[in-house]
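Each remark here refers to the structure printed beneath this line.
The values are calculated or read from the model by the stated rules, or taken from the named source; none is laboratory data. Small disclaimer: the values here were computed from a predicted structure and weren't measured. Virtual Cβ from ideal backbone geometry, glycine too; neighbours counted across all protein chains shown. Heavy atoms of the whole protein, side chains included, go into the accessibility calculation; ligands, DNA and RNA do not. Shrake-Rupley method; radii C 1.70, N 1.55, O 1.52, S 1.80 Å.
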Amino acid sequence: MKKVTKAQFLSSSVWKLVETFATKGVSLLLSLILARLLLPSDYGIIALTVVFLSLSDLFIQGGFNTALIQKEKVDEADYSTVLVLALAIATVIYVLIFVLSPLVANFFGTELLSSVLRVLGLVVFLQAFASIRTAIVTRNMQFRVLFWCNFIGSILSGVVGIVMALLAFGVWALVAQQFLQQLFALLLLFYKIKWKPVFRFEPKRIKKLFSFSSGVLTSSLLSYVGDSVYSVFFGKAYSVRDLGYLDKGAQLPRQLSLYTFGSLTSVLLPTFSSRQNDPDSLKRLMRKITAFTAYIIFPLMAFLCISADQIIILLLTEKWLPSVPFLRWSCLYYAATPIMLINVQVFFALGRSYLRVKLETIRFGFLLLLLWLMGFVFRLDMILLVAGQAGIAVLMAALSFIEAQRLVSYNFYEIIEDIFPCALVSIAMLFLGWTVSLLNVHPFWLLLLQAVTCGLFYLFCSRALRLKGFQDVVSIMKTIRLKSGSLI
């Protein structure tokens, strides 16, 4: 693999962020419209469906697809072999979904879930076909292509979903929106990426990729099982309606955090991989990305946390107010997760996928312990379980730094220098926003006042304390304006 240049990295990062902000922004806007038209129980059904469909995406995208991106040299035989394997996995998973869906629906006491699973389960085949083209786009840093495919797909599918919701199709409006989003994006990828599969399968190719992909796949499975256990538990022990509140409360932090800066992992993996033999350059880049991510994510999550009531009322209406505490704890969860993902991409780039297996094993153990103590022994409130999940996310981010320190000599004092100032200023901003929230004004004016006050405070502290992330933002803006310079 050729070393990713500074210009390629910056251009790809910008396009990936533009793609995510545009596509996920459109999806979020459409979701807010649908949330006003549909019921919490509709979203609860979709949340349960995602639990099962994520298994397919995990095998197809999380294992061999990642190995294709990380591998230094890839040929047509590698792509074709992985495609055949992906289609085989998709077929097995869909057969299981089709056969087991009535049992799943009966377990949750929701008859409609069976039909939804069988229809939406067809996306596993779309994921299989899209996986290879996504790997090709990522290896070639062609993120502009992904932007247009996903953006157009989001708009077209969203329009269909809204029309169906207005026509009282209920949960089927969400089913159509999610299925068509992937279908339209795939068709556009077929048009833009002129790769023709030959459907050739060579077992020896799988053996070469398996040494790396096995670690990625195992860690993804552990992560999937840990998250799925909680979704299944919430849907069964409480209700599908409560699960809908949880899913909707986590949506905005997830969209703004994991789907934006977390999406940069698509750029980071090939960039880090191209520097796997240059540890000094890898460490410099890693530090800059960590500081930049903390500078953006921490204050954003702090603001969402303090403004949760106003955001829910204005965007979703008062019927969604039970989602507020879930939104707040999700902010902590999604403040820590992107930081951990940066370290994970370093593990993958250096061929140390087993380190994520180690971290996910620890995380899974903590999640089971939390569920046993809070869910079964003490039978605590659902909100406290979500708070416990957020605490575990912070712990896992810290543990990922310990592993990264051993690989690239990213020592404790450097970590503190890169992220601790942003964390302190964000906490101070949170208290400032809480003070403003004591004013008795309309939610819209209160939200606006909090945004202006917190924003000005953060910018002032950024300049006064010369936060590293702020300096990087200024540097990036100059680079884009002058078409010269470097982030790295």
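Listing for the model above:
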{"read-out": "In Hz, Karplus ³J(HN,Hα) per residue of the stretch 287-292 (6.51, -1.76, 1.60; θ = phi - 60°; x = Gly, Pro)", "value": "5, 5, 5, 5, 5, 5"}
{"read-out": "Two-site FRET efficiency, F431 against T91, from Cβ-Cβ distance with R₀ of 51 Å, rounded to 0.05", "value": "0.40"}
{"read-out": "Phi to ³J(HN,Hα) by Karplus 6.51 cos²θ - 1.76 cosθ + 1.60 over the stretch 86-91, Hz, x for Gly, Pro", "value": "4, 5, 5, 5, 4, 5"}
{"read-out": "Rounded accessible area of K288 (nearest 10 Å², 1.4 Å probe)", "value": "70"}
{"read-out": "Potential extension, Y413-A398 segment - 0.36 nm per residue separation minus Cα distance", "value": "4.1 nm"}
{"read-out": "Net charge dipole size for the stretch 341-425 [Lys, Arg +1 and Asp, Glu -1 on Cβ; Debye, nearest 20]", "value": "340"}
{"read-out": "3J(HN,Hα) from dihedral phi, the stretch 297-304, Karplus parametrisation 6.51/-1.76/1.60, rounded to Hz, x for glycine, proline", "value": "6, 4, x, 5, 5, 5, 5, 4"}
{"read-out": "I402 accessible area, 1.4 Å probe, all protein chains in place, Å² to nearest 10", "value": "80"}
{"read-out": "Distance between the stretch 392-444 and the stretch 278-307 - C-alpha centres, whole angstrom", "value": "9"}
{"read-out": "Kirkwood estimate for the stretch 337-465, i.e. one over the average of 1/r between Cα atoms, Å", "value": "17.7"}
{"read-out": "Ellipsoid semi-axes in whole angstrom, largest first, where each is sqrt(5λ) of the Cα gyration tensor of the stretch 106-147", "value": "35, 9, 7"}
{"read-out": "4 °C / 1.567 mPa s Stokes-Einstein diffusion coefficient of the stretch 132-200, Kirkwood radius on C-alpha pairs, µm²/s", "value": "99"}
{"read-out": "Expected-Rg normalisation [2.2 N^0.38 Å, Cα atoms] applied to the stretch 275-355", "value": "1.49"}
{"read-out": "Computed FRET value (nearest 0.05) for E202 with K73, which takes r as the C-beta separation and R₀ as 22 Å", "value": "0.90"}
{"read-out": "Estimated inter-spin distance, L438 and L373, nm [label 7 Å along Cα→Cβ]", "value": "3.4"}
